[in-house]
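Accompanying notes for the structure given below.
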Amino acid sequence: MSDSGSNDPLHGLTLQAILDDLVSRRGWPWLAEQIPLRCFTHEPSITSSLRFLRQTPWARTKVERLYVKEQRRIKRNVRRKWRANAKRAHDAARDATAEDTSGDE
């Protein structure tokens, strides 16, 4: 039996991809608030942050954990929106059916 995938949510992602995603979605101020590191608070850049994070395992771990947490939040919100849209479509179909049957009387 072959293993079709990894359970690691960071599998196949580079540190740069993780940092790019966090900064593009939330911005440097938010990232600095979540993880108060000088590379995020004072003249932040991808290059300087990557240099620091690659040399500092505990900081890299914090960034990776924050990324995983954000991805779970995003998935949760997508599921909530999907359920709300499905409920809305179901209610609209039910209302349309009720209108069709009330006109027959």
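The values are calculated or read from the model by the stated rules, or taken from the named source; none is laboratory data. Just so you know, these numbers come straight off a predicted model, no measurement behind them. Counting neighbours? That spans all protein chains shown, and the Cβs are built from the backbone with ideal geometry, glycine included.
Tabulated values for the structure
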read-out	value
Qualifying residue in the stretch 64-75 (condition: modelled with pLDDT of 95 or more, on the phi > 0 side of the Ramachandran plot and surrounded by 12 or more Cβ atoms within 10 Å (Cβ to Cβ))	no
Selection status of residue 49, of a type outside the set (A, V, I, L, M) and loosely packed, with under 14 Cβ neighbours inside 10 Å	no
Conditions (1) closer than 15 Å to residue 66 by Cα; (2) surrounded by 12 or more Cβ atoms within 10 Å (Cβ to Cβ): number failed by residue 54	(1)
Residue identified as free of Cβ contacts under 8 Å to residues at least 24 places away in the same chain and either part of a loop (DSSP other than H, G, I, E, B) or of a type in the set (Asp, Glu) (or both) among 33, 64, 70	33
